Amino acid sequence: MTRLLFLLTLLIFASTQNAQAFCGFYVAKADADLFNGASKVVMSRHEGRTVMTMANDFQGEAKDFAIVIPVPTVVTKSQVNVADTKLIDHLDAYTAPRLVEYYDSNPCQPQFETMARNMAAAPMAMADGAAMQKSAKKLGVTIEESYSVGEYDILILSAKESDGLFKWLNQEGYQLPKGSKKVLGSYIKQNMKFFVAKVNLDSYEKEGFTYLRPLQVAYESEKFMLPVRLGTLNANGPQNLLLFTLTKKGRVEPTNYRTTKIPTGDDIPLFVADEFGEFYKAMFETAVQKEKMKTVMLEYAWDMAWCDPCAADPLPKADLRKLGVWWLDKEPGRKVRPMPGQSQPRIMPPRPPSQAVNAFVTRMHVRYTADTFPEDIVLQETEDRQNFQGRYVMRHPWTEEASCEMASNYYKGLPERFEKEAKALANLTGWSISDIRKKMEKGGQSFAMKPKSDDRPWYEQMWNE
Amino acid sequence: MSMKIVHIIAIFGADSRLMRLINAIKADPRHFQIIALSSLLTLLLLWSDFAPSWEVLVLTLSATLISQYMFTKIFDVPTFDFRSPLITGLSLCLLLKVSVLWLYPLAGIIAMASKFLIRWDDKHIFNPANAAIVIGLIALPEMVWISPGQWGSAVWMGFLLICLAIMVLGRTGRADISLFLLGAWFALLLGRALWLGDPLEIPIHNAQSGALLIFAFFMVSDPKTTPDHRLGRLIFAISIAVIAYIMQYHLQIREGLFYALFIVCCITPIIDYFIKDKRYQWRET
């Protein structure tokens with residue numbers, strides 16, 4: 001009874017170009033070109049029902065765009081949807097590694113430090129691309145379904161053998177990457193159908209989109225996995241994938257690859273605030289290299305009801321439902337209220353939820369090649385509800401006047417603290433420590449910081465406070 | 001300083017104490033298993049971001065040891081043996097994942113209870129750690145899971161060496177079953193890859209699982225719950241591999257191997273009935 005679903009997607013360029021495969025979605029080229037060429041996938045899953053939302057940042061011309069996703073059964077028109085890109089962007093921002101800032105209090109009046117603001121790593125935005133075409137032929141290839149959803153024309157194909165499918169796709173003007181015939185054959189033997197989506201240029205232009213919206217497919221299958229094999233066929237170097245899962249019970253993990261957590265909790269220098277995107281990129285790169293690109297990096301695992309600190313508000317229930325969290329009831333989500341006195345009202349208070357949302361988000365970041373990830377990523381939902389986030393802390397030293405014994409001790413301790421931060425940053429990113437020290441000097445963290453003292457006469461100090 | 005060296009020599013040197021220690025370890029193959037499992041656990045603690053906490057270790061190990069002691073008293077067993085419950089406890093720490101801490105000691109108690117309560121022909125039927133894991137997975141699916149991916153393939157070679165060393169050093173005489181199982185399992189993975197036209201990297205990647213090695217060398221190999229005759233053990237191992245394969249690749253049950261061992265253990269008495277051989281004793285007397 002259990003039908004398997006293998007999802008694999010491949011990006012195909014028109015015949016004039018070399019086809020480039022990937023896991024399906026080439027992500028992101030925005031202004032901040034973090035992780036150029038990554039894909040973003042959201043998988044919502046409970047009781048064998050899966051909704052997969054795929055965002056790709058296709059950078060060619062719209063007419064050259066196509067994806068192929070093997071599915072276990074014929075997917076009818078009503079099982080396919082086109083989603084709003086903002087949904088994935090919001091989820092990306094909510095789960096992104098975050099920078100937290102604290103300001104030291106006056107060393108002469110010891111107090112608890114207060115959190116000032118949180119910053120998320122710039123979310124990876126989408127770009128565009130698209131194309132369209134539709135035809136049918138016989139080469140052992142059957143067109144099971146053919147319909148349009150939004151700006152996409154979709155075909156559901158079944159094939160008897162990979163040669164036929166390969167030939168047919170070639171005849172239709174697609175050049176598949178080398179070696180894809182074997183992978184297609186493997187999926188055909190497992191009774192897969194193929195979901196082929198292209199862009200319908202007419203509706204694409206009519207709708208006035210400048211980018212391709214994420215495609216959503218809903219299906220029922222015991223199989224919980226993500227295809228990466230086709231993505232590794234092109235020789236364009238490692239692929240990047242951001243995989244978000246939304247589940248009811250807890251964290252999702254791969255069963256056939258090791259999971260490692262990205263480094264978190266370190267105190268880092270202040271100047272990182274201005275280049276947090278670069279920091280995140282270098283930090284991720286270093287972590288990946290340390291694991292020889294063989295692990296899946298866990299970046300975030302949290303109950304969808306809250307966050308602490310928040311990089312963006314939690315998604316409202318209605319949006320979660322749109323992303324496939326079908327088990328949530330329809331009532332609107334609770335309002336997010338800012339902490340009293342908090343400067344950024346959109347940030348939710350850091351405390352556990354009064355009302356659970358029953359959705360748990362896991363953000364996994366994978367960099368992979370055929371060598372390090374030879375097999376599709378098989379996933380399982382665990383019962384682990386422990387929260388995890390990538391969080392980095394900046395501590396602003398006290399720069400106002402302070403003249404007391406405690407202040408001189410405080411300032412004596414600062415160089416050591418700054419050095420520690422510099423070393424932590426060098427370890428995390430592989431950046432040169434002398435460059436870091438220089439940047440710190442420029443960025444308000446002088447290693448020779450002295451307490452400010454007020455040399456004015458006491459009566460001036462008194463009247464002109 | 002020199003006093004100390006003299007002292008150490010006095011303990012381990014020409015004196016036969018070192019030899020006595022070695023002999024004491026060699027006296028029981030389970031000593032090697034304990035050393036190996038502890039090494040694997042240490043490796044996990046150093047290596048994994050999801051390693052068990054010290055509370056887990058303390059609770060699980062004390063639960064298995066105390067319940068072994070209690071059952072020894074209840075069933076009037078002449079001597080309390082710390083080795084088996086230690087092995088069971090270590091295996092649970094290595095494999096079992098639960099969402100609430102108290103389930104660890106509970107699993108330990110269930111494991112030892114299964115050993116004393118579910119018996120046939122003076123032989124317990126289930127491997128205790130496996131029984132606890134399977135009962136947990138079935139009874140409390142909302143709280144129990146295993147993480148087959150937690151080891152990754154990088155430390156796999158180290159794992160394999162440790163396991164093989166134990167097999168050679170331990171000489172339980174029943175270790176053949178581990179090789180039978182690994183052989184059968186790999187043959188199935190290889191067959192699947194050939195049928196699908198997949199590259200060999202895939203079955204090799206799949207075989208490189210730390211969980212698989214722990215399962216093969218420390219659970220399936222339990223001489224008390226496996227058939228007495230070598231042919232019986234071959235049948236036993238192949239059955240586990242086939243059932244686990246069907247569960248994992250056709251039914252999408254990730255814990256297939258553990259369920260398979262549980263199922264096949266039920267037919268061990270039947271295998272023993274038809275293919276008879278000497279009953280295993282931990283210490284050859």
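Scanning the range A:428-465 for residues that are at pLDDT below 75 and surrounded by 15 or more Cβ atoms within 10 Å (Cβ to Cβ) turns up A:Met449, A:Pro451. Would you check if A:Asp329 is among the charged types (D, E, K, R) and at pLDDT 85 or above? Criteria not met by A:Asp329.
Output yes when any residue across the range A:373-388 is over 24 Å from the mean Cα position of the chain (by Cα) and farther than 30 Å from B:Gln248 by Cβ, and no when none is. Checked the range A:373-388: no residue is over 24 Å from the mean Cα position of the chain (by Cα) and farther than 30 Å from B:Gln248 by Cβ.
Residue count for the range B:144-191 under the criterion of being surrounded by fewer than 16 Cβ atoms within 10 Å (Cβ to Cβ), at pLDDT 75 or above and within 14 Å of another protein chain (Cβ to nearest Cβ): the result is 1. Taking the criterion of being modelled with pLDDT of 90 or more and not in a loop (DSSP other than H, G, I, E, B), the residues of the range B:192-203 that qualify are B:Arg192, B:Ala193, B:Leu194, B:Trp195, B:Leu196, B:Ile202, B:Pro203. Evaluated against (1) in contact with a Phe, Trp or Tyr (Cβ under 6 Å, 6 or more places away or on another chain); (2) modelled with pLDDT of 85 or more; (3) under 30 Å from A:Leu320 (Cβ atoms), A:Arg367 falls short on exactly one condition, (1).
Under the condition of being within 29 Å of A:Ala422 (Cβ to Cβ) and not acidic (Asp, Glu), which residue from the range A:239-268 is nearest to the chain's Cα centre (by Cα)?
Checked the range A:239-268; the qualifying residue nearest to the chain's Cα centre (by Cα) is A:Asn240.
Screening B:Trp102 with (1) among the aromatic types (Phe, Trp, Tyr); (2) crowded, with 21+ Cβ neighbours inside 10 Å; (3) under 28 Å from B:Leu46 (Cα atoms) gives one miss only, at (2).
The rows are residues; the columns are (1) surrounded by fewer than 14 Cβ atoms within 10 Å (Cβ to Cβ); (2) under 29 Å from the mean Cα position of the chain (by Cα); (3) in the same structural domain as A:Lys281 (by TED's automatic domain parsing); (4) modelled with pLDDT under 80.
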residue: A:Thr76; (1), (2), (3), (4): yes, yes, yes, no
residue: A:Ala83; (1), (2), (3), (4): no, yes, yes, no
residue: A:Asp89; (1), (2), (3), (4): no, yes, yes, no
residue: A:Tyr94; (1), (2), (3), (4): no, yes, yes, no
residue: A:Pro97; (1), (2), (3), (4): no, yes, yes, no
residue: A:Tyr103; (1), (2), (3), (4): no, no, yes, no
residue: A:Cys108; (1), (2), (3), (4): no, no, yes, yes
residue: A:Gln111; (1), (2), (3), (4): yes, no, yes, yes
residue: A:Met115; (1), (2), (3), (4): no, yes, yes, yes
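Do we have any residue at all in the range B:19-26 that's modelled with pLDDT of 90 or more and part of a helix (DSSP H, G or I)? No, the conditions are met nowhere in the range B:19-26.
Filtering the range B:70-90 to residues that are modelled with pLDDT under 90, buried (at least 18 other Cβ atoms within 10 Å of the Cβ) and closer than 22 Å to B:Ala36 by Cα leaves only B:Ser84. Those helices (runs of 4 or more DSSP H) of the range B:209-278 in which 2 or more residues are at pLDDT 90 or above and more than 27 Å from B:Leu86 (Cβ to Cβ) occupy B:230-245. Please verify whether B:Leu137 is at pLDDT 90 or above and farther than 17 Å from A:Thr382 by Cα, treating the condition exactly as stated. The answer is no for B:Leu137. Taking the listed residues B:Ala244, B:Ala207, B:Ala211, B:Ala216, the one that is surrounded by fewer than 18 Cβ atoms within 10 Å (Cβ to Cβ), in contact (Cβ under 8 Å) with a residue 24 or more places away in the chain and either among the hydrophobic types (A, V, I, L, M, F, W, C) or away from chain A (no Cβ under 14 Å) (or both) is B:Ala207, with no other qualifying. With respect to B:Phe262, determine if the residue is among the aromatic types (Phe, Trp, Tyr), closer than 30 Å to B:Gln150 by Cα, away from chain A (no Cβ under 14 Å) and under 19 Å from the mean Cα position of the chain (by Cα). Yes, satisfied.
Filtered by the rule that a residue be among the charged types (D, E, K, R), more than 23 Å from B:Ile25 (Cα to Cα), in contact (Cβ under 8 Å) with a residue 12 or more places away in the chain and out of contact with any Ser or Thr (no Cβ under 8 Å at 6 or more places or on another chain), the range B:55-107 gives a lone residue, B:Glu55. The set of residues in the range A:262-293 being within 14 Å of another protein chain (Cβ to nearest Cβ), surrounded by fewer than 17 Cβ atoms within 10 Å (Cβ to Cβ) and either among the small types (Gly, Ala, Ser) or touching a helix residue (DSSP H, G or I) at 6+ places or on another chain (Cβ under 9 Å) (or both) consists of A:Gly265 alone. Screening A:Glu400 on (1) of a type in the set (Asp, Glu); (2) closer than 30 Å to B:Met143 by Cα; (3) at pLDDT 55 or above shows it passes everything except condition (2). Residues satisfying the criterion are present in the range A:226-238 (criterion: modelled with pLDDT of 85 or more, on the phi < 0 side of the Ramachandran plot and more than 9 Å from every other protein chain (Cβ to nearest Cβ)). Out of A:Glu220, A:Glu299, one residue alone is within 14 Å of chain B (Cβ to nearest Cβ), touching a Gly at 6+ places or on another chain (Cβ under 9 Å) and within 22 Å of A:Trp431 (Cα to Cα). It is A:Glu299.
The values are calculated or read from the model by the stated rules, or taken from the named source; none is laboratory data. Treat the numbers as computed from the prediction; the structure is a model and nothing was measured. Backbone-built Cβ (ideal geometry, glycine too); neighbour counts: all protein chains shown.
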